[in-house]
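For reference, the structure discussed in these notes is given below.
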Amino acid sequence: MKTQYYTATSIDGYLADEDNSLDWLFQFGEIEEIEGVNEEYSRFIDQVGALAMGSTTYEWIIEHENILENPEEWPYEILAWVFSTRELPVVDGADIHFVQGDVAPVHADMVKAADGKNIWLVGGGDLVGQFHDHDLLDEIILSVAPVTLASGAPLLPREITTPPLKLTNVQQQGDVFAVLTYDVQQSKMG
Ligand SMILES: NC(=O)c1ccc[n+]([C@@H]2O[C@H](COP(=O)([O-])OP(=O)(O)OC[C@H]3O[C@@H](n4cnc5c(N)ncnc54)[C@H](OP(=O)(O)O)[C@@H]3O)[C@@H](O)[C@H]2O)c1
């Protein structure tokens, strides 16, 4: 069982632009139609048993897909945890836990719920950083899109240098994505 950060990113390490827009990503059309994307996503999601995201990401999904009016469009069948200090709108019928504070006890609950499958940290970057702060992040899978954004929501606002990440796989998807997979080497002693 792994805790994985799987996301698309710009070359210069942003998840979204300053207005939380993903137009830079959607300019490539139907992402699933890019060579290799569907296969890789299916392989990934089949192994996921629980997922977590921060409130900006959650609000982006529900606004972008108009999900409060069309709750059946909530994109995940997997149990989800959403981190927020605020009361957020609830999607009818979706399996979502709203939580706040220390990520460690939430991670323990997610591990139980995932029942041997992986945990997907959807983002944003600081939330993933909070899991990394507790040595709870095992793998990072980046679909690097051929754009630079110069500013926006950061991919992973932490210094991870020693030990460095370990590059375990590189895959090209069409002329759009370089998919880079890294193992996170735990820093704690013993
Ligand atoms: N490129 C991609 O594939 C991709 C993937 C993921 C996300 N995104 C986009 O990237 C952007 C990420 O936004 P973001 O950087 O603001 O990150 P985010 O993690 O989506 O949201 C951050 C917010 O989550 C809440 N939060 C985080 N940790 C918490 C904790 N421990 N306890 C309670 N609340 C906590 C806080 O808000 P409150 O307490 O105020 O609610 C915080 O301001 C979004 O626009 C999203 O759509 C893109």
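No lab work stands behind these numbers, since they all come straight from the coordinates. Predicted model only: the values in this text are computed from it and were never measured. Cβ: placed from backbone, ideal geometry, glycine included. Neighbour counts: every protein chain shown.
Over region 3-183, what is the percentage of antiparallel beta bridges among all DSSP beta bridges, to the nearest 5?
The antiparallel fraction comes to roughly 40 percent.
May I ask you to list the aspartates and glutamates whose Cα is less than 18 Å away from that of Lys112, ignoring any residue fewer than eight positions away on the same chain?
Asp46, Glu77, Asp95, Asp102, Asp135, Asp138
For the chain, what is the calculated [θ] at 222 nm in deg cm²/dmol (nearest 500), taking -39500 (n - 2.57) for each run of four or more DSSP H residues and dividing by its residue count?
Mean residue ellipticity, 222 nm, calculated: -6500 deg cm²/dmol.
Given that compact globular proteins tend to follow 2.2 N^0.38 Å, what is the ratio of the alpha-carbon Rg of region 22-123 to that value?
Numbers: Rg = 14.5 Å, N = 102, 2.2 N^0.38 = 12.8 Å.
Ratio of Cα Rg to 2.2 N^0.38 Å: 1.14.
Gain in length, Arg158 to Val170, computed as 0.36 nm per residue apart minus the alpha-carbon separation, to one decimal in nm?
Working: separation 12, 0.36 × 12 = 4.32 nm, distance 2.26 nm.
Answer, rounded to one decimal: 2.1 nm.
From the residues Ile62, Gly123, Ser187, which one has its Cα farthest along the dipole of region 42-190 in the positive direction, the dipole being from +1 and -1 charges on Cβ of Lys/Arg and Asp/Glu about the Cα centre?
In region 42-190, that residue is Ser187.
Could you give the nm distance between label points at Glu73 and Asp183, where each point is 7 Å from its Cα heading toward the beta carbon?
That separation, rounded to one decimal, is 4.2 nm.
Taking 10 °C and 1.306 mPa s as the conditions, I'd like the Stokes-Einstein D for region 90-184 in µm²/s, using the Kirkwood hydrodynamic radius from alpha carbon pairs.
102
Identify, among Leu165, Ala8, Phe26, the residue whose Cα sits farthest towards the positive end of the charge dipole of the chain, taking +1 on the Cβ of Lys and Arg and -1 on the Cβ of Asp and Glu, with the dipole about the Cα centre.
Looking along the dipole axis, the top candidate is Leu165.
Over all directions, what mean area does the Cα convex hull of the chain project, stated in square nanometres?
That works out to 11.1 nm².
For region 3-183, with only Lys/Arg (+1) and Asp/Glu (-1) charged at the beta-carbon, what is the dipole magnitude about the Cα centre, in debye rounded to 20?
Dipole of region 3-183, to the nearest 20 debye: 700 debye.
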